[in-house]
Amino acid sequence: MYKNKILIVEDELIAAANIARYLQKEGYQVIAKVNSGEKALEQVDREIPDLVLMDIMLRGKLDGIETASRIRQRYRMPIVYITAYADRATLDRAKETEPYGYLVKPFKSQDISTTIEMALQKRKGEKKIEDRLDTVTQLNQLKSETLAIASHDLRTPLSTILCSTELLKNYSDKLSSDKQKKHLDRIKFSVNNMTDLLEDLLVTNQLEADRITCNLDSIDLVSFCQRLIEQLQPLSKKHRLDLVFTKPLPDLGGKLPQLDNRLLRQILTNLLSNAIKYSPDGGKVLLQVTLEAQQVTFEIQDWGIGIPAEFQEKLFRQFERGTNVGAVQGTGLGLYIVKQAVTRHCGTISLESQEALGTTFTVTLPSAVSRVEIDPIEKDDPSCVTCH
């Protein structure tokens, strides 16, 4: 059980000892008893307490009020003053430090615990408000960054579409069929880029709003992964996409893993798309799947540009991209979405990468295995259960 940590700043040794004895009896942890402002500052830097009991009339260069003021400049913690008497000017100075309470000498033991509990509860309430404000600030910042990125990244494909359509409109009779096809391919490529960007932004917004949950259903992994590879292959005919099952499903006696279709698609699509994007033309991308009784492991390997070691720790943050991506377009949202999808599936993700040699992402998802009588691929709207 957690014990609130109290620092006692009192230059009367007997009074400090009595207060400490009572607080310990009441279940508090007294981290130190100090008799000067200077020692109080040193102690707070050494170990941050949950609350400070501060005598106003301390001997030495720093009185209790000045000490409290300096503590508040560094840390946000409740301070309760102990005082026997004080003139109006002293009380006005004390108010400026926004104390959480006063204990006027002589006081009863019960007054100490009551005042401390009220101060701690007040601070707890303030902390909740601060956390909510931080969340709102972060969400507002995210929205601003998202709008900025969307504005920037949509401008390029829109310009390409506008340019190609104008050329086709005004000069189609003068353009060869190959050049017309080239412009139509540019338009298609730009539309796909915008679609991917908008999908990433939509999913990111849903993740931030906690509107995406894990819904389990039986999945035929062979069909699922084969279809995914078939859908991705046209995006880059210059790459070779290989799918390998290290433990084929028939060996499991017809049992099918329970996974979330949408989350799995987000995970594999983003990882495979990145592998294609950051691999040289003619490069190979490998998806290796290992199905076991309680989990499924996906390994996505490429032999592309790799990820700098110093960047790998922040790889799954929003809007982060490697320093070696060059002119390759991207929002920095794909791996953030992957990480969030894996987390919602109660899974893990790791990577091994070396610059200029390639990258391997390993995703492990827990999976209950069940025997089913129907082909799950035909189930367009399955009845799912929530994954916790």
Residue by residue, what Karplus-based ³J(HN,Hα) values in Hz, rounded to whole numbers, does segment 176-190 have, using 6.51, -1.76 and 1.60 with θ = phi - 60° and x for Gly and Pro?
5, 4, 5, 5, 4, 5, 4, 5, 5, 5, 4, 5, 4, 4, 5
Take ASP200, ASP185, ASP63, ASP11 and order them by how many other Cβ atoms sit within 10 Å, fewest up front.
ASP185, ASP11, ASP63, ASP200
Using packing as a proxy for protection, rank 272-284, 160-172 so that the peptide with the highest average count of other Cβ atoms within 10 Å comes first.
272-284, 160-172
Gyration tensor on Cα atoms of segment 1-95, a ≥ b ≥ c root eigenvalues, a/c under 1.5 rounded, else prolate if a/b beats b/c, else oblate, says prolate
When the charge dipole of segment 1-103 is computed with +1 on Lys and Arg Cβ and -1 on Asp and Glu Cβ about the Cα centre, the Cα farthest towards its positive end, among PRO99, MET57, LEU23, belongs to LEU23
Suppose every Lys and Arg Cβ carries +1 and every Asp and Glu Cβ carries -1, with no other charges. What dipole size does segment 1-160 come out with about its Cα centre, to the nearest 20 debye?
240
Please report ARG132, ARG88 as a ranked list, fewest other C-beta atoms within 10 angstrom at the top and most at the bottom.
ARG88, ARG132
Just grab the label-to-label distance for THR348 and ASP111, each label 7 Å out from Cα along the Cβ direction, in nm (one decimal).
5.6
If R0 is 25 Å, what FRET efficiency do you get for LYS174 and GLN233 from their C-beta distance, rounded to 0.05?
0.15
Roughly speaking, what is the centre-to-centre gap between segment 20-76 and segment 206-241 when only Cα atoms are used, to the nearest Å?
57
About the Cα centre of segment 1-86, how large is the charge dipole given +1 on each Lys and Arg Cβ and -1 on each Asp and Glu Cβ? Please answer in debye to the nearest 20.
240
A correct fewest-to-most ranking of SER144, SER69 by other Cβ atoms within 10 Å would be SER144, SER69
Only Cα pairs under 8 Å and at least 6 apart count here; give the relative contact order of segment 1-150 as a rounded whole percent.
19
Whole-Hz Karplus ³J(HN,Hα) for segment 47-53, in order, using 6.51 cos²θ - 1.76 cosθ + 1.60 and θ = phi - 60°, x for Gly and Pro?
8, 7, x, 7, 7, 10, 8
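Quick note: the coordinates plus some simple rules give every number you see, no bench work behind them. Please read all numbers here as calculations on a predicted model, not as lab measurements. Every residue, glycine among them, receives a Cβ derived from its backbone with ideal geometry; neighbour counts consider all protein chains shown.
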